[in-house]
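*Asks:* Sharing a structure here in C-alpha cells format.
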Amino acid sequence: MNAIPKFNIGDLVRPDGGIQDRRIYWDEDVYQMELERVFARSWLFLAQDSLIAEKGDFLTTFMGQDRVIVTRGQDGKVRAFLNSCSHRGNIICRADSGNAKNFVCNYHGWVFGSDGRISDIPLKDEIYPKEFDENNVALKQVRVESYRGFIFGTFDDNAPSLTDYLGEMAWYFDTFMDAPGGAELLGPPTKVRIKANWKFFAENFIGDFYHAGWTHAAAIKTVGGPLMALLGNQATPQGAIQFATKYGHGFNAAPGNEEVYPHIHQGHIAEMWEDWVRSRVPVIKDRLGDERALLYNAIWDGSMFPNTSFLRGIDTWKVWQPRGPRELEVWTWTIVERDMPEELKRGIRHTNEKTFGVAGILEGDDGENMEGNTNTSEGWVTRQEPLNAEMGLGWENLESETFPSMMSEPGDNEAAQRNFLRMWHTMMTSENWDEIMARRTTEHKK
Amino acid sequence: MSGGASDIKPGSIVPLDLHYVIQSFLFKEARMLDEEQFRPWQATLTDDIHYWLPIRENRFRKDRRPEPTPENSSSVYNDDYTDIEHRIMRFETGLAWIEDPPARVRRVVSNIEAEYTDDDNELNVFSNIILYRNRRQDEEAWFVAARRDRLRMVDGQWKLARRHIVFDQHVVLDENLSVFL
C-alpha cells in the first residue's frame, strides 16, 4: 500500500507568511526535506578568518547535520569538505579545532590533504587495482566564499554567489564588518543542546523586539540600564525599524541618535564601549555615510537565512545547528571590531557570555520559550492549530530611498519573520536556485 | 590558622580537624545553594571572588596551544562579585519565570582534598560535584564537575576566593547551565 501523503508542503505556510502549520516545527518528514532543500542549498556560516588564521588551522562544524572540516591550506586558501571518509564513512577528524597538514582516518589510515583529496592510501600499490582512481575518493567539497572575513559554505553549485545571497544584508553588515579594521569573532564557540525547532530561534532573532521586555524582564530589571525602557512591554523601542531582505535575512535596529544606543554592558566596560561608539560614529559616517552611521549607533537583533543570528549591543554571533525537528545545538561566539582595545574586546566577550552564553541571564529565557513552542506540538489536536505571525501585517514594505530592502515601522513587527518564512516556503517548494531566484525577485516585496 | 608559616609545606594536606572544617564548609555551601539561600551563600565569597567555568574544546593531545584562560578563551561563567550579585538580583526580581515554579536541585560533593599553600591564610581545596536538576514535569539533567577552590581565612571565617570549575561536558546537554556548581 502506498503511504498516504500527510500534507502538501506548500500548504504549511500561508502565502503572506502570517499563518503557519505547526508541523513545520515538529514533523520529521518536513525536517528531512529541510535538510535537503534548505540546508543543502543555502549559504551556511562556517568560520571567520581569525578563528583559522594560520596555515593548517582547522575547525570542524556542521552544515545542517553534515559534518565538515574547514581548514586553511598551506597556500593560505580556506577550503571545506565533508568530514566523513570516502572509504567506509568514518568520521575523519574528531577534534573541534587545531592545526594539521593532513587529516588521517583512524579506520585504515587513509590520508587526506587540506584540499580534501587523497594524499596517501596505505599499501595502495599492493592491494588496489591499477585502475583505482584516487580522484573518485576525494572528499566532497563545499563551495566556500567569504564576505569581509566571514566564511560561508554551500553544497549547491547553482546557488548565487555569497554576495548576491546576502544581497542587501551585505550593505547592512558593512556597518560593522567594513568599519576600519573590520569585525572578528572570538571563539571557541560555547555549545548547548536545546529541545526545540531551530526555526523558532532564527525567527526570534530576526525580528522579535516584542519579546525582549517581557521574556527577559528579570534580567532587564537587573542589568538593563538603557534597556529598562522596554521592561514589561510598556513601550515599543523608540525609533526602531525593521528590515527584511530578498533572501530571507533581516533585523531590527533601534538607533541611539544623540545618545549612545541602548546596550547592556556594565561599569567600566560600559564607559569604554560608549567612548568607542562615540569616537567611531564620525569615522563610519565618513566611510559609509549617514544611514550606516545611524545604524552603527543602534542596537540590532538579526538573522541571516537560514540559521545564523546576531545581536549588536550584546555582540553575540550564533548558529542554530539543527539536530532533528525537535532539537538543536546553539553555538555562540562573540563579535567585536578588530581595532578595539583588547580590554574592550574581553569586556564585550564577558557581557555576551553573562547575558547570552550557556548560563546567560537572558539566554535561558529564550531556551525555555523555544522548548515550549516546540514541545506542545506533541499533542495531535494542538498540532492541528495554526500559529500566528500577523503583527504589523500590511504595514511592511515601506519604500525607502536611503535603505535598501523592505523596511517596516514600528520595530515591533513580524514582517521579518514572515519574510523569513516565505523564503523558507520558497526553498521548500522550488526545484532549484533558478526557480528560487525568480520567485524571490517577484515575491519578496509583495 | 594553627601552626606558623615556617612548619607548613605548601601542597601538604591539612590535618583532620581542619579537613573537617573545610568539608563542612563545602557541604553547607551545597545545602545553601540547593535551598536557594543565595544571600547567605554570597556571604561566604570574598570580594575578589573569581568564579570561572571555561568551556573545554575537544583538542588533540599533541595540540600545543596554551591552556584556556579567561582572557584567551570562552567561558560559561567568568564572574566576579558583581556578576554573581547580578545573578542573585535577577533571581530576586520576582520576574525570573524560568525558575518559577522552582526546579528541584541537589548537589552531592565528594573527593575533598585540602592543601596548604604558600599563603598562611589560604588553602587549595579540590572536590568533585554531581548536581542533579529536575524541573517542570520531567526534565532531568546531571552535571558532573571538579572544583579547584581557593579558600581564604577572613576575620576568622573561611571564604571562597576562587573557584575554577572543570566541567565534564563539551556540548552542555541541558537547556542551560544556570546553576552554581
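We did not get these values from a lab; they are worked out from the coordinates using the rules stated. Computed from a predicted structure; not experimentally measured. Glycine gets a Cβ as well: all are built from the backbone with ideal geometry, and neighbour counts include every protein chain shown.
*Asks:* Give the residue from A:GLY364, A:GLY224, A:LEU59 lying farthest towards the positive end of the charge dipole for chain A; charges sit on Cβ (+1 for Lys and Arg, -1 for Asp and Glu) and the dipole is referred to the Cα centre.
*Replies:* Comparing the listed Cα positions along the dipole, A:LEU59 ranks first.
*Asks:* Mind checking which of A:SER114, A:TRP395, A:ALA47 is farthest towards the positive end of chain A's charge dipole, using Cβ charges of +1 (Lys, Arg) and -1 (Asp, Glu) about the Cα centre?
*Replies:* Result: A:SER114.
*Asks:* If you build the convex hull over the alpha carbons only and average its shadow over all orientations, what do you get for segment A:350-427? Give it in nm² to one decimal.
*Replies:* Value for segment A:350-427: 8.2 nm².
*Asks:* With N denoting the number of residues in segment A:105-172, provide Rg(C-alpha) divided by 2.2 N^0.38 Å, to two decimal places.
*Replies:* Normalised by 2.2 N^0.38 Å, the Cα Rg of segment A:105-172 equals 1.64.
*Asks:* So, R0 is 35 Å and r is the distance between the beta-carbons of A:ILE127 and A:ARG338; what FRET efficiency does that work out to, to 0.05?
*Replies:* Computed FRET efficiency for A:ILE127 and A:ARG338: 0.10.
*Asks:* Starting with the fewest neighbours, write out A:MET370, A:MET340 ranked by other beta-carbon atoms found within 10 Å of each beta-carbon.
*Replies:* With the fewest neighbours first, A:MET370, A:MET340 line up as A:MET340, A:MET370.
*Asks:* Using the count of nearby Cβ atoms within 10 Å as a rough guide to exposure, how do A:LEU398, B:LEU151 rank from fewest to most?
*Replies:* A:LEU398, B:LEU151
*Asks:* Mind scanning A:LYS55/A:LYS318; A:LYS199/A:LYS445; A:LYS77/A:LYS246; A:LYS221/B:LYS159 and naming the pairs with a C-alpha gap bigger than 27 Å?
*Replies:* Cα-Cα > 27 Å for A:LYS77/A:LYS246; A:LYS221/B:LYS159; rest within.
*Asks:* Which three extents, in angstrom, do the Cα atoms of segment B:1-148 have along their principal axes, listed largest first?
*Replies:* 54, 42, 29
*Asks:* Using DSSP to define loop residues, name the trypsin sites (Lys or Arg not before Pro) in segment B:65-122 whose beta-carbon has at most 14 other beta-carbon atoms within 10 Å.
*Replies:* Counting only loop positions with at most 14 other Cβ atoms within 10 Å, none of the trypsin sites (Lys or Arg not before Pro) in segment B:65-122 qualifies.
*Asks:* For segment A:1-58, what is the convex hull (Cα atoms) projected area averaged across all directions, in square nanometres?
*Replies:* So the mean shadow area of the Cα hull is 7.2 nm².
*Asks:* Quick one: putting +1 on the C-beta of Lys and Arg, -1 on the C-beta of Asp and Glu, what dipole do you get for segment A:227-316 around its Cα centre, in Debye to the nearest 20?
*Replies:* 320
*Asks:* By the gyration tensor of its Cα atoms, with a ≥ b ≥ c the square roots of the eigenvalues, what is the shape of segment A:287-404: rounded for a/c under 1.5, prolate for a/b over b/c, or oblate?
*Replies:* It is oblate, given that a/c is not under 1.5 and a/b is not larger than b/c.
*Asks:* Tell me the angle of helix B:16-34 to the major Cα principal axis of chain B, expressed in degrees between 0 and 90 and rounded to the nearest ten.
*Replies:* Taking Cα atoms only, the helix is inclined about 20 degrees.
*Asks:* Just A:PRO160, A:PRO404, A:PRO341 to compare: in a GNM of chain A, with alpha carbon springs under 10 Å, which one fluctuates most?
*Replies:* A:PRO341
*Asks:* Taking 4 °C and 1.567 mPa s as the conditions, I'd like the Stokes-Einstein D for the protein assembly as shown in µm²/s, using the Kirkwood hydrodynamic radius from alpha carbon pairs.
*Replies:* 49
*Asks:* Using the 2.2 N^0.38 Å rule of thumb for compact globular proteins, work out how segment B:46-119 stacks up: its C-alpha Rg over that value, please.
*Replies:* For segment B:46-119, the normalised Cα radius of gyration comes out at 1.53.
*Asks:* Charges only on Cβ, +1 for Lys and Arg, -1 for Asp and Glu: so what's the dipole of segment A:1-135 about the Cα centre, in debye to the nearest 20?
*Replies:* Result for segment A:1-135 is approximately 140 debye, rounded to the nearest 20.
*Asks:* Can you divide the C-alpha Rg of segment A:229-350 by 2.2 N^0.38 Å and report the result to two decimal places?
*Replies:* Relative to the rule-of-thumb radius for its length, segment A:229-350 sits at 1.14.
*Asks:* Let me ask something else about it. Suppose we keep just the DSSP beta bridges with both residues in the protein assembly as shown; what percent of those would be antiparallel, to 5?
*Replies:* Restricted to the protein assembly as shown, the bridges split so that about 95 percent are antiparallel.
*Asks:* Applying 1/(1 + (r/R0)^6) with R0 = 25 Å to the Cβ-Cβ distance of B:ASP47 and B:HIS164, what FRET efficiency is obtained, to the nearest 0.05?
*Replies:* After rounding to 0.05, the efficiency reads 0.85.
*Asks:* To continue, here is another question. Using a Gaussian network model of chain B with C-alpha springs under 10 Å, which one of B:THR46, B:THR82, B:THR69 is most mobile by mean-square fluctuation?
*Replies:* Largest GNM mean-square fluctuation: B:THR69.
*Asks:* Pull the list of the protein assembly as shown cysteines that no other Cys approaches to under 4.7 Å, Cβ to Cβ.
*Replies:* For the protein assembly as shown, the answer is A:CYS93, because their Cβ atoms have no other cysteine Cβ under 4.7 Å.
*Asks:* Can you figure out the FRET efficiency of A:SER146 with B:ASN128, using R₀ = 56 Å and their beta-carbon distance, to the nearest 0.05?
*Replies:* 0.80
*Asks:* Still on this structure, I have one more. In debye, nearest 20: dipole of segment A:299-446 around its Cα centre with unit charges on the Cβ of K, R (+) and D, E (-)?
*Replies:* 300
*Asks:* Can I ask one more? Arranged by the count of other C-beta atoms within 10 angstrom, fewest first, what order do B:ILE112, A:ILE194, A:ILE91 take?
*Replies:* A:ILE91, B:ILE112, A:ILE194
*Asks:* Per-residue ellipticity at 222 nm for chain A, helices alone: DSSP H runs ≥ 4 residues times -39500 (n - 2.57), over residue total, nearest 500 deg cm²/dmol?
*Replies:* Calculated from helices alone, the mean residue ellipticity at 222 nm is -9000 deg cm²/dmol.
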